[in-house]
1. Set the Förster distance to 51 Å, then compute FRET efficiency between residue 123 and residue 431 from the Cβ-Cβ distance, nearest 0.05.
2. With the contact rule set at Cα under 8 Å and sequence spacing of 6 or more, what percent relative contact order holds for the stretch 11-466?
3. Work out, in µm²/s and without decimals, the Stokes-Einstein translational diffusion coefficient of the stretch 239-343 at 4 °C, 1.567 mPa s, Rh from Kirkwood over C-alpha pairs.
4. Where the eigenvalues come from the Cα gyration tensor of the stretch 1-91, what are the semi-axes √(5λ) of the equivalent ellipsoid, largest first, in whole Å?
5. Grab the beta carbon distance between residue 245 and residue 365, set R0 = 35 Å, and tell me the FRET efficiency rounded to 0.05.
6. Can you tell me the length gained on complete extension of the stretch residue 162 to residue 441, counting 0.36 nm per residue apart and subtracting the Cα distance?
7. Can you pull the Rg over Rh of the stretch 65-144, Cα-only, Kirkwood?
8. Between the stretch 222-283 and the stretch 24-51, what's the alpha-carbon centroid distance in Å?
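No value in this document is a laboratory result; all are computed from the given coordinates. This is a predicted model, so every value here is computed, not measured. Here the Cβ positions follow ideal geometry from the backbone for every residue, glycine too, while neighbour counts run over all protein chains shown.
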Ligand code: PHE
């Protein structure tokens, strides 16, 4: 066809898009409740270890593979070896599954922008029950999810440069401002110090194999790794963009956002005498409650907070949608429009199942697996697919690609230095696969949903066996 592959127009645009993908509900909705449920400081410490030793390593590998092959998730593997196609397919599947619950939460955030200024805060004691009633309603969350999904469709249909890059460049800086002001306010509250202690002083007594798996899954989820997303974004990179520093910047930004979200939530939470173990409702229940105590400025700050939450979710979900869309364009020759619309319809069906599983179907679970759809999508991707996907990209890059080729790609043909290449290569080839193997094995053994873990691993094994036919 001879058409040039789309490119990011500037490095800044790429960084905003990649950081936009990484920074998301994972940082602001998920990280605080996971940290809350897993003991705070100890979780943070383990999480940081995974982020910097494994996450940053895998991110650089994904950028490199994407730019080297100029292909998205599946094509990148396939162009090297058909035996590896399955690893790309797991990525595309993960994108579908994550998009099976992400827009549900994105829809909640959108709804809470309006709820913040229409009386939600006037009766603080009713906030938890309002959230419960809202997410279990058979119609309202679906309507908001639909609206949220529409935003995604509009952005991704416009393509990489005009859509994703432009949106990220405007939205990311805005978000930084918003989140910092909320965190800044929280820090000034009396009693806030307890929250700092909870978040930053590790207490290892609650740490188990489960904690490690939760932290590893969260690291991959939050950095958008292990499913071809950063491979896809890397494939749109210009040859002169610096890969290693880009990976370092994105990793650091993502981590700062998670910590800032923690600082926005925990000090205020303790200042108002609430419990950190709230679960997935943490942001939607505790944050409005905090704002409700602030008088007339509360509703405005709350609205700002949920706009920020919606924005970060959006720049992430467009990247998830893009993984599937790029696959269909690259491998199946679909038009962008057809790919976006078809993919979104399937995702909307998944999301509908996920949303209803929290309401009218909350008593029903998938036979044998013992979880509802929301948890099925969430747990399967986060605790199995992303970790294994990260392990596979590490093994693939470390063992299937040539060391010299990698070095040439990362150093832009020797024009930019990468002093720690050997260390990176070692971390990638040996440390990452072995560490993930350990954590996945012992974590899955100790998991609360053993049947689902077995299902996930077997699914990957079967895919791998039939990979040549894919
Ligand atoms: N990183 C995103 C977040 O933290 C979620 C995501 C996962 C996006 C995987 C793309 C790929 O919310």
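1. On the way: r = 52 Å, r/R0 = 1.02.
Step by step, r from the Cβ atoms, then E = 0.45.
2. Working: 753 pairs, mean separation 152.9, N = 456.
Normalised by residue count, the contact order of the stretch 11-466 is 34 percent.
3. In µm²/s, the coefficient rounds to 76.
4. Values: eigenvalues 197, 63, 27 Å².
After scaling each eigenvalue by five and taking roots: 31, 18, 12 Å.
5. On the way: r = 46 Å, r/R0 = 1.31.
So, using R0 = 35 Å, E works out to roughly 0.15.
6. Details: separation 279, 0.36 × 279 = 100.44 nm, distance 4.27 nm.
Contour length minus Cα-Cα distance gives 96.2 nm.
7. Details: Rg = 20.5 Å, Rh = 15.7 Å.
Answer for the stretch 65-144: 1.30.
8. 10
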